1. Rounded if a/c is under 1.5, else prolate if a/b is larger than b/c, else oblate: which is the range 123-224, with a ≥ b ≥ c the root eigenvalues of its Cα gyration tensor?
2. If a/c stays under 1.5 just call it rounded; otherwise compare a/b with b/c (prolate if a/b is bigger, oblate if not). Do that for the range 292-357, with a ≥ b ≥ c from the square roots of the Cα gyration tensor eigenvalues.
3. Mind checking which of 68, 96, 219 has the largest fluctuation in a GNM of the chain, springs on alpha carbons under 10 Å?
4. Which entry in [x] 36, 25, 22; [y] 46, 26, 16; [z] 30, 23, 20 is this structure's computed semi-axes √(5λ) of the Cα gyration tensor in Å?
5. Can you give me the distance in nm between label points at residue 308 and residue 222, each placed 7 Å from the Cα along the Cα-to-Cβ direction?
6. Restricting to the chain, compute how many DSSP beta bridges are antiparallel as a %, nearest 5.
7. Hey, for a label at residue 319 modelled as a point 7 Å past Cα toward Cβ, could you say which residues of the range 270-302 have their backbone N under 12 Å away?
8. Can you classify the range 4-51 as rounded, prolate or oblate using the Cα gyration tensor, where a ≥ b ≥ c are the square roots of its eigenvalues, rounded means a/c under 1.5, and otherwise it's prolate if a/b beats b/c and oblate if not?
């Protein structure tokens, strides 16, 4: 059997699909699994051993070529469809929430096409699942619903832990070495995030002043070197946080590559930031993390249920979470869910993860087992 999984979204959504991919591999150990992703996440997808093939299709690149020349755009699209057709996939698992991928699957001769029928967009799917939006349970759990029409069993536990390729870990160490941080105890502070929200991303972001207070606490009380992490578009935000800190950060990290970022996060003792891709990547790397949620529901877009490495902090307000069915309404309260969230509960969550954990003693048929770990 040859299976194609299409996920055009960002880091978090891509990691949410990893339990689905692993469930398919477990159900069909000898199958061929391909993945269609976007250019930003291709590096991450490329290191998953569960996949046999992957390809990045960037909608913006297609639109750019189409705008420049319809023949160039058509040629770009035809090449992508040709690559899919040549691999003779039997099944398409479409996570795109649109109609385009289902139609592409039809054109490429993929006979079974399952995915979500969101707002009638699943009309080219042969086995659609109705969807009105993600609510009350994790996105990864919704993705696993797509196993049912194909007759594959659902895993008992949802997790997106993954191994980092040795070369990526080495690149991360080299990056930190150039910053004079080889062997240092580190904490990553991620004040941005939410690129997929475009101009509304600021509504997901805790204020710079509070981030600076949290960074100062981790530096002074926990003796951690602070990395301010963001992409090129978030440089001014990172500098704003740095300007309000009592002492300058150890470094402002402009994400060199996704896997290098993963290696840097794995080296940290703690990652603190707004809900978004970096926090999900920290979860994948097994690094303790504190994520700050505002308009978004952490039960849907937060860490996997039962994660012992992750703490979610959110202000209790009757109006939140207000992001539903992929829509963010105008906020009449001037983003009070984040502006009025003080540093104290965030620092309490961070301190709880950084405290030495008790040793647990368990009696087994083979003797006594002693284990340290983070409590849930």
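1. The shape class here is prolate.
2. On the way: a/c = 3.89, a/b = 1.58, b/c = 2.47.
Taking the square roots of the gyration eigenvalues as a ≥ b ≥ c, the range 292-357 is oblate.
3. Evaluated over the chain, the most mobile residue of the options is 68.
4. Here the calculated entry is [x].
5. Result for the modelled spin labels: 1.9 nm.
6. Values: 7 of 50 bridges.
For the chain, the DSSP antiparallel bridge percentage is about 15.
7. Only 295 pass the distance filter.
8. Taking the square roots of the gyration eigenvalues as a ≥ b ≥ c, the range 4-51 is prolate.
Coordinate-derived values only; no laboratory data. Keep in mind the model is a prediction, meaning the values are calculated, not measured. Ideal geometry is used to build each Cβ from the backbone, glycine not excepted, and the neighbour counts take in all protein chains shown.
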